[in-house]
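Quick note: the coordinates plus some simple rules give every number you see, no bench work behind them. Not measured: the values here are computed from a predicted model. Neighbour counts run over all protein chains shown; Cβ positions are idealised from the backbone, glycine included.
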Amino acid sequence: MNRLVNKLSERITFEKTFRYLFFLLFVFMLSPFNAGGGDYYLTRAILYFSLTFLVTLWLAISQLRREFPLRKTGLEFPISLFLIAVFLSFLSLSSTSSKLDGFFLFLSYFAIFYLGIALFKNYEESKFFLKILTSLGLFLVFVSLYQKNNQIDYLYDFFVRERLHLEVSQRAFAIFTNPNNFASLLILIIPLSLFLCLNGETKVERILFALAFFLLFLGLVLTFSRGGYISFTISLFIFLISVTFKKTNKGKVTKFLIFFSPIFLSFIITYFAFQPSFLKIFSLTLDSSVKHRLFLWLGAFKMISHNSLIGGGIGTFARLLPLYQFQGAYSRWSHNTYLQILAETGVIGGIGFLSLLFLIFLKGINLWSLKKRGKEYQLAIAFLASIVGFSFHNFNDSSLYIPAVGIVFWIILGQFASLSWLQEKTQPYRLIKVKGKLKERRLSAIPFLVGFLVFLFFFSSFRAELYGRRGRSFLKGGRIVEAKKLLEKAIQLNPINTRYKVDLAETYFRLGKSSNDPSFLYSSIYLLEKAVALDPLEPEYHLKLGIHYATAQRLNEAERELIMARSLYPNDPLYSLWLADFYDSIGREEEAIKAYSEGIKLLKYKEFWSGVVRNILNDVGGCFWGRGKIYLKRREYEKAKSDFENLLKISQKAEGYYYLSLAYLGLNEKVKAQENLEKALAINPNFKEAQEKLYQLKR
């Protein structure tokens with residue numbers, strides 16, 4: 001028994017155990033359990049507190065062993081500069097919770113970067129990591145193939161419930177909400193799988209990894225990501241050109257990959273290049289996808305020019321874009337990582353991040369001058385090819401902000417930094433030296449204490465999100481009392497999250513309506529005021545606060561908040577509609593008509609509106625509806641007729657035909673009035689007003 005324990009203790013070292021824990025985190029982040037790839041907060045919270053635990057454990061035990069596990073990479077200055085810019089961006093007025101989330105996301109990336117360097121110290125350890133990563137990539141390809149041949153309604157419903165925009169349209173997407181994010185992940189993995197094929201220990205292993213390479217490439221093809229195709233071609237070109245300089249022969253599989261793969265890939269890419277959907281990017285008439293990106297970039301440029309030094313706040317692009325929209329184009333991401341970083345962290349953060357990439361590319365160029373070109377050289381080139389392809393792809397996407405993709409990129413970045421410096425025989429050194437057991441114990445207590453506090457914060461946030469999600473679900477299902485209890489717990493655990501306050505305010509508002517107790521209304525107003533104070537640039541919060549003020553007959557404050565909501569998102573007709581309805585309800589018809597008209601003007605932007613979570617066209621229809629009813633009241637029947645006809649082009653409802661018939665009656669066109677009444681009754685046979693009006697016409 002003692003021998004078995006001794007053998008296990010020799011084989012299972014602290015480094016190995018820690019490495020397996022690290023792999024478990026990777027497996028979770030790249031598994032279907034992480035639906036959205038970390039695109040919603042619950043899985044990001046799991047990432048944050050898991051990394052906090054791992055980093056704390058690693059630092060504390062390393063110090064107890066009188067060593068500090070960080071290797072100097074030469075990238076400390078740009079990383080520090082970027083983190084300083086992130087801290088400075090907290091001075092902006094945008095959402096506190098969004099800025100904290102963005103800050104912790106990039107802090108997690110830097111932790112992954114240094115953990116990767118510390119955990120994978122040599123060629124064999126790095127190669128083992130590549131095998132795990134390639135296997136996870138293959139698994140996601142099989143998931144995407146299954147999705148293409150089966151119904152995905154359950155996943156669609158999940159993303160809608162989480163307020164995520166699912167952009168599939170018959171494309172492979174695996175666990176992500178956007179196929180382009182899946183393409184980014186595959187761009188990172190495919191060059192590494194090709195390296196494994198070239199450097200397999202046995203013929204069987206090389207053949208297996210050759211098969212993996214082609215399956216991963218098939219997954220990339222099925223994403224139909226045009227930017228992904230181009231970026232992949234660049235990364236593959238860099239790897240193959242670099243490897244062919246190495247004068248060794250790895251057998252028939254190597255020859256096939258080096259000489260015939262480019263021909264095969266060129267054929268496939270050329271085939272897709274002549275498809276109509278692909279040719280549009282080269283045509284004189286830009287398709288909606290390309291135009292949407294161009295308009296997002298123009299909006300990002302406007303944002304950068306307004307907050308050029310410190311930016312609008314890390315992680316706040318989605319909050320700020322409505323203020324700088326161009327042609328009504330909106331997305332939660334800028335579809336250009338570099339523009340988004342500049343918009344969020346300003347020039348200082350942009351210089352820090354771009355300097356980091358520049359130093360990496362410079363080190364890649366220096367690799368070419370090395371005389372020895374062994375396996376470590378090939379591995380470093382594979383990492384460089386992945387980094388270059390991914391960096392190029394982020395010129396037209398923002399996949400770095402997706403945690404499942406971002407952690408893969410940053411660990412590859414760390415591995416390349418480690419391997420490229422290893423080529424120059426740079427040895428790791430200790431940044432902290434401790435002497436004596438007492439000093440050592442005091443020092444090791446510091447990361448434990450800090451890590452424990454941070455872990456508690458993230459774990460509390462995770463529990464709050466669980467309560468908040470369940471409370472929101474109960475609220476939608478009409479279980480108001482249970483929702484109230486859960487949302488109150490969520491706020492206690494995470495008081496800076498404004499979403500919980502807004503949901504609890506809605507709960508109090510409904511309780512006040514059902515019980516006629518004004519104290520609930522006052523409580524809802526108080527919570528919304530708190531939410532607006534924490535996130536003053538969120539138009540939805542101002543809108544809800546305005547509605548609650550109006551219910552409490554605080555009309556001046558209601559008008560102020562509704563105007564503020566519209567000014568924060570001028571290109572969304574919802575806010576014009578609510579402001580106009582408010583004016584109409586208090587008898588200010590001229591101002592109501594003006595607000596309705598401003599909402600209707602936004603119809604020209606419908607090309608870029610998404611109907612996944614909310615059908616924005618219905619809000620324009622509401623503006624036609626409200627303005628048409630005012631025109632009817634004023635006996636301006638021609639204008640009313642025009643508005644109801646436009647309403648019916650958007651939504652054919654019985655009420656629309658009924659009010660159109662009233663406009664025709666006002667114009668003394670009884671035949672057309674009767675036709676529209678019959679259409680109204682065909683949709684809703686129990687429509688009493690239409691039945692009575694039709695009966696009067698037929699008498």
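Peptides 573-581, 356-364, 215-223, 130-138 ranked from most to least packed by the mean count of surrounding Cβ atoms within 10 Å: 573-581, 215-223, 130-138, 356-364.
Between segment 615-646 and segment 483-523, the C-alpha centres lie 35 angstrom from each other.
Quick check on segment 184-231: take the gyration tensor over C-alpha atoms, sort the square-rooted eigenvalues as a ≥ b ≥ c, and tell me if it's rounded (a/c under 1.5), prolate or oblate. Prolate is the answer for segment 184-231, as a/c is 1.5 or above and a/b outweighs b/c.
Provide the FRET efficiency to the nearest 0.05 for the F139-S514 pair, computing r from the beta carbons and using R0 = 45 Å. Each step should come with its number before you reach the end.
Details: r = 49 Å, r/R0 = 1.08.
Plugging the Cβ-Cβ distance into 1/(1 + (r/R0)^6) gives 0.40.
A full extension of the chain between Y522 and N668 corresponds to an added length of 47.6 nm, given 0.36 nm per residue minus the alpha carbon distance. Could you compute the net charge surrounding A329? Neighbours are other residues with a C-beta less than 13 Å from the C-beta of A329; K and R count +1, D and E count -1. Result for the local shell: +4. Sparse packing (at most 16 other Cβ atoms within 10 Å of the Cβ) combined with a DSSP loop state is found for the following trypsin sites (Lys or Arg not before Pro) in segment 590-680: R614, R634, R635, K653. Cα convex hull, segment 533-618: 96 Å³ per residue, rounded to a whole number. With 0.36 nm allotted per residue and the present C-alpha distance subtracted, the L359-Y146 stretch has 72.6 nm of extension available.
Taking the Cα centre of segment 465-538 as reference, the dipole from Cβ charges on Lys and Arg (+1) and Asp and Glu (-1) amounts to some 340 debye. Applying the Karplus relation 6.51 cos²θ - 1.76 cosθ + 1.60 with θ = phi - 60° to segment 345-359 yields 3J(HN,Hα) values of 10, x, 5, 5, x, x, 5, x, 5, 5, 5, 4, 5, 4, 5 Hz, where x marks Gly and Pro. Projecting label points 7 angstrom from Cα along Cα→Cβ for K633 and S308 puts them 4.9 nm apart. For an R0 of 56 angstrom, estimate the FRET efficiency from the Cβ-Cβ distance between E589 and K16 and round to the nearest 0.05. It comes to 0.15.
Whole-Hz Karplus values for segment 102-112 come out as x, 4, 5, 4, 6, 5, 5, 4, 5, 5, 4 Hz, taken residue by residue from phi with 6.51 cos²θ - 1.76 cosθ + 1.60 and θ = phi - 60°; glycine and proline positions read x. Amide H contacts under 5 Å for F687: none, restricted to partners 5 or more places along the chain or on a different chain, H placed in the peptide plane at 1.01 Å from N.
On the beta carbon distance between L456 and N556, with R0 = 51 Å, the FRET formula returns roughly 0.70. A straight chain from L449 to L466 at 0.36 nm per residue would run longer than the Cα-Cα distance by 3.5 nm.
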